[in-house]
Amino acid sequence: MNISKETLLITEKGEVVNLCTLENNHGIRVKITNYGGIITHIFTPDRNGRSADIVLGLENTRDYTNALYREFCPYFGATIGRYCNRIRDGKFRIGSADYHLGSNDGIHHLHGGHTGFDKAVWMPEIGQSENAVQLILTHFSPDGDEGYPGNLMAKVIFTLTQNDELITAYECTTDQPTPLNLTNHVYFNLSGNFKGDILNHELSIRAGQITETDRELIPTGRILPVENTVFDFRKPSLLKEKLLMHQGGFDQNYVLDDYLPEYLKMAARLSETNSGRVLEIYTTQPGIQLFTLQTDIYPLKIKGNLIPGQIAGLALELQHFPDSPNHTGFPETLLSPGEVYNQKTVYRFSTMI
């Protein structure tokens, strides 16, 4: 096990942006920067022991801080907060008080707003034991940040274990009631070939329901069954076949089966036949957003100089439901003083025999 840290750059505000590398003894290597809590690389071996990077991102890690990326931000590998996904009209109410957030997705609020956690420089701390290496990032979000109430202290702990698991654990406290919904927005392509696509990936999601959305991807409040629809991934499904039936791609929240707060359960399994790589995801969250990335929507230099229009990767965002502050029937997202926000997701890497 090993962990190291290097300096990438110093911002105009004098903030130090680092890149940390976490390695275990089985060839798993993860690179994370404290700018945005971004997972920039995950190297894993294929069935023949050949290592390759399996997450989409920018060709040059320093470019995550530049103006072009901030303008056309696809949230590559970023830690998202205060609230991942969408909040209708950038508004919610707590008691008799109305709150207005930054609107960065038309009139709606998306992934924490204009300057969410994905654009913050987090304070890093590294640690190591016999069976794990750990990067701890902390960030203070002041009262009124992007319109949210309360002074919030946020912590995300990235742990790489000798069991070939990358664990992301979130811990937050506040001095005023505030909605909270953190995730990581990593995009996977298990082939390890960024000039290729994800059509040969097989995906299963342990969810029999989805949240219905309108044309602007805002939940209506209704929960619908996936049976006899293109959204049914309960059995392993080849993405090529699904995308032929749903050519606009997927951007959909799934309601995970057997949700109990703080209970770790299997959410999804992704595999790729040629490389033999397998990813299993476990989480304490009630939902998972499936988002397939089409490369020509962002004028950015991505690893591999991808072909425009290519379905290059998919995000599996473990989360509470979109727009939950405006839907009393959805699982609670309000964090109150004296409580601790605790969520955990486990990414388990392996290969087919």
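None of the figures in this text is laboratory data; all of them are computed from the coordinates on show. No experiment lies behind these values; they were computed from the predicted model shown. For neighbour counting, all protein chains shown are included, and Cβ atoms are generated from backbone atoms with ideal geometry for every residue, glycine included.
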Exposure proxy check: 1, 352 ranked by fewest other beta carbons within 10 Å?
-> 352, 1
Zone residues, the stretch 188-207, relative to residue 232, backbone N less than 14 Å from point 7 Å out along Cα-to-Cβ = 205, 207
So for 92, 291, fewest C-beta neighbours within 10 Å to most, what's the order?
-> 291, 92
Entries in 31/242; 242/301; 195/344; 31/303; 265/344 that, when Cα-Cα distance is taken, lie over 21 Å = 31/242; 242/301; 195/344
Length gained if residue 258 through residue 339 is fully extended, taking 0.36 nm per residue and subtracting the Cα-Cα distance, is 26.8 nm
What are the ³J(HN,Hα) values, in whole Hz, obtained from phi via the Karplus relation 6.51 cos²θ - 1.76 cosθ + 1.60 with θ = phi - 60°, for each residue of the stretch 173-186 in sequence order, with x given for Gly and Pro?
-> 9, 9, 9, 9, x, 8, x, 8, 7, 9, 7, 10, 9, 6
Summed residue charge, Cβ within 15 Å of residue 340's Cβ, Lys/Arg positive, Asp/Glu negative = -3
Counting Lys and Arg as +1 and Asp and Glu as -1, what is the net charge of the other residues whose Cβ lies under 15 Å from the Cβ of residue 116?
-> -2
In nm, spacing of pseudo-spin labels at residue 59 and residue 115 (7 Å Cα→C-beta vector) = 3.0
Residue 94's amide H: which non-local residues (gap 5+, or another chain) put their own amide H closer than 5 Å, with H modeled 1.01 Å from N in plane and none for Pro or chain starts?
-> 99
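Computed FRET efficiency, Cβ-Cβ of residue 107 and residue 48, R0 51 Å: what is it to the nearest 0.05?
After rounding to 0.05, the efficiency reads 0.50.
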What span do the alpha-carbon atoms of the chain cover on each of the three principal axes, reported in whole Å from largest to smallest?
-> 60, 53, 39
Helix-derived [θ] at 222 nm for the chain: sum -39500 (n - 2.57) over DSSP H runs of at least 4, divide by residue count, nearest 500?
-> -1000 deg cm²/dmol
Three-way shape call for the stretch 209-270 based on the alpha-carbon gyration tensor, with the a/c threshold at 1.5 | oblate
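If neighbour count is taken as other Cβ atoms inside 10 Å, put 174, 220, 21 in order from fewest to most. Numbers along the way, then the final one.
Values: 174 25, 220 12, 21 19.
Ascending number of Cβ neighbours within 10 Å: 220, 21, 174.
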Residues whose modelled amide H sits under 5 Å from the amide H of residue 152, counting only those 5 or more places away in sequence or on another chain, are 141, 143
Expressed in nm to one decimal, what extension gain is obtained for the pair residue 195 and residue 143 from 0.36 nm per residue of sequence separation less their Cα-Cα distance?
-> 14.4 nm
